[in-house]
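Written below as structure tokens is the structure these notes are about.
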Amino acid sequence: MRRAVVVACAALALVAVVAAQRPDDLGSPRLAAPLTLLQLNDVYSTVPVDGAGGLARVATLKRNLAAAGRTPFLVLAGDFLSSSVASTVFKGEQMVAALNAAGLDLATLGNHEFDFGVDLLLQRMAEARWQWVVSNVVDIATGKPIGGAAPYVVRTFGSLKVGFIGLCLTTEATGRETLRRIQLINPLVAAARYLPVLKKERVDVIVAITHLTLAEDEALAQRFPQIDVIVGGHEHFPITVMENRTLISKAGSDARWVARIDVNRRHGGSVERHFELVPITAALPDDPRTADVVNAYEARLGPELDVVIASTRVPLDGVAARIRSSETNLGNLVADAMRASADAEIAMVNSGGVRGDRVHSPGPLTRRALVEIQPFGNVVCKVAVPGRIVLDALNHGVAQLPASAGRFPQVSGLTMKVDVNRPAGDRVSDVRVNGQPLDPARSYTMAIPDFVFNGGDGYTMFAGQRVLIDPASGTTVLSALETYVAAKKEIAPQVDGRIAIVR
């Protein structure tokens, strides 16, 4: 049943894309809607990517709708401070500046807003000129939502009174240092606290701005059918689903599309939601003011990023769907660089930390390309762990197969077999370290990124293990990668059978 709903909604979205460039038809029921929600989520670039997207174009869309008499309200469902080449350099400052210029009205947090630590997040939240709504991330020091955010927001659009809550992922593991300063509350618990408040405010419509998985959004809609619209993020492709009476929308990534949702409440109580997925293309000219801000930051990136560090004789496969579910040569390259940097026997990197989502063509490798592959600023740590911990980590990494997942491990110095037909937690066998069977009792030196070291992606098994290089002492994964390829000058990494998957 759910699949049928998704397919039907996908067809509806396709029709909407075709019609997106036309003005509203006279007599269209959405012309009566007092509110036009414009949705962004998972925006990592201020400029177009492969010709699509660009925040200056989004600003023009909002401006055009306002000129046509609509009331556009631009919302962002998390993930924008990181990760990208520019964010590695500017730590998300360029995103806040561009979104300020584009006229963002309301945003909640995504998991990548924590990538640069709590202090940097607080600074960026203070720089923003939009309203933050964060219902389930609490600053432990104050007991209030982080960064002075509102736990809920009530706005009136003409005759329509709208209540908003904002919910962020808690299942994406956050580093221990961050968790010393913030409390992540279960989204269902936070919703149960604030939805009655909105009811007392006598709102006509309830909108949840979320950065949750689709399954969590569906559970939210099932538990709280009073939510009329879920403006969601986290998945990087457009999704439109009706879960009972709740519309769930996700608008892809990098502003390639904007979801337009016109909202009205008819006499008698029924809520109307008119959905359109608007492609952001060159058909929308740049808003000059936003373009000036974007271009200023692009110019500041400077020629340093275009310095050639090495060359590759083979394509480097960083496509997310593959690297998060199987061995790839780019995953091997990053793991090899980490192992060499730490002088460790083995290395493991969560594939979600290897970014870019594309195949890098053979030829020169610039620093810009390396930053695109490793934009987070993660640090190479080194631990001494018994073989049983290595096995626990590998089993945890492959537990979500056949689905792709950021926790999927790319490895160096070891080989393993994975049987996806076996229960999660018992899928890995025949682990060999440098050709020898893994000894559960023997201690191995292991290089891992600080994200994993700190428990990210659920890798909690490293807590309490002997630390040889801690996050304060290690080099960044980016630096390790640059040093590794620069020393070789020319690389040709292969898929060499480190991870054999039985499907």
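The values are calculated or read from the model by the stated rules, or taken from the named source; none is laboratory data. Everything numeric here is computed off the predicted structure, so don't read it as measured data. A quick note on method: Cβ atoms are made from the backbone with ideal geometry, for glycine too, and the neighbour counts reach across all protein chains shown.
Looking only at the range 133-148, filter to residues that are out of contact with any Cys (no Cβ under 8 Å at 6 or more places or on another chain) and under 13 Å from Cys168 (Cα atoms); which one of those is surrounded by the most Cβ atoms within 10 Å (Cβ to Cβ)?
Ser135
Take residues that are out of contact with any Pro (no Cβ under 7 Å at 6 or more places or on another chain) and modelled with pLDDT of 95 or more and tell me which of the strands (runs of 3 or more DSSP E) falling wholly in the range 285-369 contain 2 or more. Let's see the steps before the verdict.
Values: elements: 308-312, 346-350, 363-366.
The strands (runs of 3 or more DSSP E) meeting that bar are 346-350, 363-366.
Of (1) loosely packed, with under 15 Cβ neighbours inside 10 Å; (2) within 21 Å of Ser325 (Cβ to Cβ); (3) polar (S, T, N, Q), Gln410 satisfies all except one. Which?
Just one mismatch for Gln410, condition (1).
For residues that are in contact with a His (Cβ under 6 Å, 6 or more places away or on another chain) and assigned to a loop (DSSP other than H, G, I, E, B), scanning just the range 51-82, find the one that is nearest to Leu212 (Cα to Cα). Step through it out loud before you land on a result.
So the first thing to find is which residues in the range 51-82 are in contact with a His (Cβ under 6 Å, 6 or more places away or on another chain), and the list is 77-79, 82.
So of that shortlist, the ones also assigned to a loop (DSSP other than H, G, I, E, B) come out as 78-79, 82.
Values: Gly78: 9, Asp79: 11, Ser82: 17 Å.
Checked the range 51-82; the qualifying residue nearest to Leu212 (Cα to Cα) is Gly78.
Mind checking which residues of the range 98-149 are polar (S, T, N, Q), closer than 23 Å to Lys62 by Cβ and touching a Leu at 6+ places or on another chain (Cβ under 6 Å)?
Gln131
Scan the range 452-480 residue by residue and report those that are hydrophobic (A, V, I, L, M, F, W, C), buried (at least 16 other Cβ atoms within 10 Å of the Cβ), under 27 Å from the mean Cα position of the chain (by Cα) and modelled with pLDDT under 95.
Initial filter on the range 452-480 (hydrophobic (A, V, I, L, M, F, W, C)): 452-453, 461-463, 467-469, 472, 477-478, 480.
Checking the rest, the ones that are also buried (at least 16 other Cβ atoms within 10 Å of the Cβ) come to 452-453, 461-462, 468-469, 477-478, 480.
Those left that are additionally under 27 Å from the mean Cα position of the chain (by Cα): 452-453, 461-462, 477-478, 480.
Selection gives Val477, Leu478, Ala480.
Being closer than 23 Å to Asn378 by Cβ and either surrounded by 13 or more Cβ atoms within 10 Å (Cβ to Cβ) or touching a strand residue (DSSP E or B) at 6+ places or on another chain (Cβ under 8 Å) (or both) is the filter here; which residues of the range 481-494 pass it?
Leu481, Glu482, Thr483, Tyr484, Val485, Ala486, Lys488, Ile491, Pro493
Are there any strands (runs of 3 or more DSSP E) wholly within the range 91-178 with 2 or more residues that are closer than 28 Å to Glu272 by Cα, and if so which?
The strands (runs of 3 or more DSSP E) meeting that bar are 106-108, 152-157, 160-168.
Mind checking which residues of the range 440-478 are in a helix (DSSP H, G or I), of a type outside the set (A, V, I, L, M, F, W, C) and either farther than 19 Å from Ser341 by Cα or without any contact (Cβ under 8 Å) to a residue 40 or more places away in the chain (or both)?
Answer for the range 440-478, where residues must be in a helix (DSSP H, G or I), of a type outside the set (A, V, I, L, M, F, W, C) and either farther than 19 Å from Ser341 by Cα or without any contact (Cβ under 8 Å) to a residue 40 or more places away in the chain (or both): Gly456, Asp457, Gly458, Thr460.
Which one of Arg358, Arg388 is surrounded by fewer than 24 Cβ atoms within 10 Å (Cβ to Cβ) and farther than 24 Å from Val467 by Cα?
From the options Arg358, Arg388, the qualifying one is Arg358.
Only one of Arg265, Arg260 is modelled with pLDDT under 95 and not assigned by TED's automatic domain parsing to the domain that holds Phe164; which?
Of Arg265, Arg260, the one residue that is modelled with pLDDT under 95 and not assigned by TED's automatic domain parsing to the domain that holds Phe164 is Arg265.
Specify the residue that is modelled with the highest pLDDT; the eligible residues are those in the range 83-102 that are of a type outside the set (Val, Ile, Thr) and within 16 Å of the chain's Cα centre (by Cα). Working first, answer last.
From the range 83-102, those of a type outside the set (Val, Ile, Thr) are 83-84, 86-87, 90-95, 97-102; that's our starting set.
Still in the running and within 16 Å of the chain's Cα centre (by Cα): 83-84, 86-87, 91-92, 95.
Values: Ser83: 73, Ser84: 77, Ala86: 84, Ser87: 84, Lys91: 89, Gly92: 94, Met95: 98.
So the residue we want is Met95.
So, Arg273, is that one among the basic types (Lys, Arg) and more than 18 Å from Ala191 (Cβ to Cβ) or not?
Against the criterion (among the basic types (Lys, Arg) and more than 18 Å from Ala191 (Cβ to Cβ)), Arg273 qualifies.
Give me the residue from the range 25-50 that is more than 20 Å from Pro238 (Cβ to Cβ) and in a loop (DSSP other than H, G, I, E, B) and, out of that set, nearest to the chain's Cα centre (by Cα). Talk me through it step by step, then tell me what you get.
Quick first cut of the range 25-50, residues more than 20 Å from Pro238 (Cβ to Cβ) only: 25-29, 31-35, 46-47.
Applying the additional criterion that residues be in a loop (DSSP other than H, G, I, E, B) yields 25-28, 33-34, 46-47.
Numbers: Asp25: 36, Leu26: 39, Gly27: 39, Ser28: 35, Ala33: 31, Pro34: 31, Thr46: 15, Val47: 17 Å.
Result: Thr46.
What are the residues in the range 411-429 that are free of Cβ contacts under 8 Å to residues at least 60 places away in the same chain and either closer than 19 Å to Asn332 by Cα or not basic (Lys, Arg) (or both), if any?
Answer for the range 411-429, where residues must be free of Cβ contacts under 8 Å to residues at least 60 places away in the same chain and either closer than 19 Å to Asn332 by Cα or not basic (Lys, Arg) (or both): Pro423, Ala424, Gly425, Asp426, Val428, Ser429.
Can you tell me how many residues within the range 424-441 are within 13 Å of Leu414 (Cβ to Cβ) and either not assigned by TED's automatic domain parsing to the domain that holds Gly497 or not hydrophobic (A, V, I, L, M, F, W, C) (or both)?
Of the residues in the range 424-441, the ones within 13 Å of Leu414 (Cβ to Cβ) are 428-439.
Checking which are either not assigned by TED's automatic domain parsing to the domain that holds Gly497 or not hydrophobic (A, V, I, L, M, F, W, C) (or both) leaves us with 429-430, 432, 434-437, 439.
Looking only at that region, the number is 8.
Within the range 398-439, track down each residue that is part of a strand (DSSP E or B) and of a type in the set (A, V, I, L, M, F, W, C).
Once the filter is applied, which keeps residues that are part of a strand (DSSP E or B) and of a type in the set (A, V, I, L, M, F, W, C), the range 398-439 yields Val411, Leu414, Met416, Val418, Val428, Val431, Val433.
What are the pairs, 6+ residues apart or on separate chains, where a residue within the range 97-108 that is farther than 17 Å from Asn41 by Cβ has its Cβ under 6 Å from a residue that is surrounded by fewer than 24 Cβ atoms within 10 Å (Cβ to Cβ)?
Note: pairs meeting the criteria are Ala97/Val293; Asn100/Arg129; Ala101/Arg289; Ala101/Val293.
Checking Ile280 against (1) under 30 Å from Gly397 (Cβ atoms); (2) buried (at least 24 other Cβ atoms within 10 Å of the Cβ): exactly one of these is not met. Which one?
Failing condition for Ile280: (1).
Residues are listed down the side, and each one gets a yes or a no for (1) modelled with pLDDT under 95; (2) of a type outside the set (Phe, Trp, Tyr); (3) out of contact with any Pro (no Cβ under 7 Å at 6 or more places or on another chain); (4) loosely packed, with under 14 Cβ neighbours inside 10 Å:
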{"site": "Gln131", "(1), (2), (3), (4)": "no, yes, yes, no"}
{"site": "Leu160", "(1), (2), (3), (4)": "no, yes, no, no"}
{"site": "Ile185", "(1), (2), (3), (4)": "no, yes, yes, no"}
{"site": "Leu198", "(1), (2), (3), (4)": "no, yes, yes, no"}
{"site": "Ala221", "(1), (2), (3), (4)": "no, yes, yes, no"}
{"site": "Ile227", "(1), (2), (3), (4)": "no, yes, yes, no"}
{"site": "Glu235", "(1), (2), (3), (4)": "yes, yes, yes, no"}
{"site": "Thr240", "(1), (2), (3), (4)": "no, yes, yes, no"}
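Can you tell which of Ile209, Ile230 is farther than 27 Å from Ala86 by Cβ, outside any helix (DSSP H, G or I) and not charged (D, E, K, R)?
Numbers: Ile209 fails: farther than 27 Å from Ala86 by Cβ.
Sole residue among the options that is farther than 27 Å from Ala86 by Cβ, outside any helix (DSSP H, G or I) and not charged (D, E, K, R): Ile230.
Restrict the check to the range 468-487 and report whether at least one residue is within 15 Å of Pro386 (Cα to Cα) and of a type outside the set (Lys, Arg).
Yes, the range 468-487 contains at least one residue that is within 15 Å of Pro386 (Cα to Cα) and of a type outside the set (Lys, Arg).
Residues are listed down the side, and each one gets a yes or a no for (1) surrounded by fewer than 19 Cβ atoms within 10 Å (Cβ to Cβ); (2) within 29 Å of Val307 (Cβ to Cβ); (3) at pLDDT below 95:
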position: Gln39; (1), (2), (3): no, no, no
position: Val58; (1), (2), (3): no, no, no
position: Arg63; (1), (2), (3): yes, no, no
position: Glu113; (1), (2), (3): no, no, yes
